[in-house]
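The values are calculated or read from the model by the stated rules, or taken from the named source; none is laboratory data. If you're wondering where the values come from, they're calculated on a predicted model, not measured in any experiment. Glycine gets a Cβ as well: all are built from the backbone with ideal geometry, and neighbour counts include every protein chain shown. Accessible surface is based on the protein model in full, side chains and every heavy atom, while ligands, DNA and RNA are left aside. Shrake-Rupley method; radii C 1.70, N 1.55, O 1.52, S 1.80 Å.
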Amino acid sequence: MRIQIGARQTMERLEEMLDGAMDGTFEEGHYDETELSRLESRWKQYIASTQRALEETRREREDMKALVSDISHQTKTPLANILLYGELLEEKASDGEERRLARQILGQTKKLEFLIQALVKMSRLESGILEIQPVKQSLRPLLEGVAESFGPGAGEKDMTLECVLPPEEVLCRYDRKWTGEALGNVVDNAIKYAPAGSRVRIRVREFGFYVCIQVEDQGPGIPEEERARIFGRFCRGGQVQQEEGVGIGLYLARQILERQDGYIRVTSREGEGSCFGLYLPRKD
């Protein structure tokens, strides 16, 4: 009988410790080591060490959040000033050589600005600071917004950006701001790497559990050996090394989609172009 009572008390204390760990109220001081069994003592030590590790992770996340915010804030003003000075130098240049140098300053500064912004976004995604909040909504505003934003850039390159809107309203779960970032990165790559006079097409395909936004281009294509790693950080294909870019766009697109229970895939044939599929869940 005593053994049964002791076992029950042990189970009750173990359950109390576990409940405290799960709701964040566990404290080592609530339990007297001398009154606990060997099993209870080890259970207490394990939970306490887990709590300390979680607290350390929380502090590191807060430190990372502060660091990313500082980097973003501290670099914004100097970069804006450099861009302003570069524009003034270009306006006041007395000959073609000075104008050329001023344009180089502006171009390199814009590259640096883009890189810092991309690194800040990447850090926020990887540290969990960035909150992506998908809701069930129509795809039409997303597609129209991306087509409007990137149409002029395609026109400057003598390319056609074709957005085929679905005939009926298509609903799926996504965060409009960050999914727009992901889709925009894919479309921007398609315009950047495809030749002048070609076409980039955006269209939608519906499946049982997902909606797929396809971005088709007529670019150089992606060699088979490179397709598995193009979504990695700072990865750039061998055929586009001479083009502008830092190799973060597709990585960010993948991260954004995965945080919405979606994913991204690519099919490609060398010399015939590529098709990127951005898959978004249809149901909650």
Run the simple label-point estimate for Asp95 and Ala80 please: 7 Å along Cα→C-beta, distance reported in nm. 3.6
For Asp261 and Arg59, what does the FRET efficiency come to when R0 = 45 Å and r is the distance between their Cβ atoms, rounded to the nearest 0.05? 0.95
Just to be sure I understand the model, the point goes 7 Å from the Cα along the line to the Cβ. What's the resulting Gln104 to Glu131 distance in nm? 4.6
Let me know the shape class of region 103-173, please: from the alpha-carbon gyration tensor, a ≥ b ≥ c as square roots of the eigenvalues, rounded when a/c is under 1.5, otherwise prolate if a/b is greater than b/c, or oblate. oblate
In this structure, among Lys110/Lys177; Lys76/Lys192; Lys157/Lys177; Lys110/Lys283, pairs with alpha-carbon gaps over 30 Å are Lys110/Lys283
Would you please give the FRET efficiency between Leu88 and Lys157, computed as 1/(1 + (r/R0)^6) with r the Cβ-Cβ distance and R0 = 35 Å, to the nearest 0.05? 0.75
Accessible surface, region 123-205, averaged per residue in Å² (probe 1.4 Å): 50
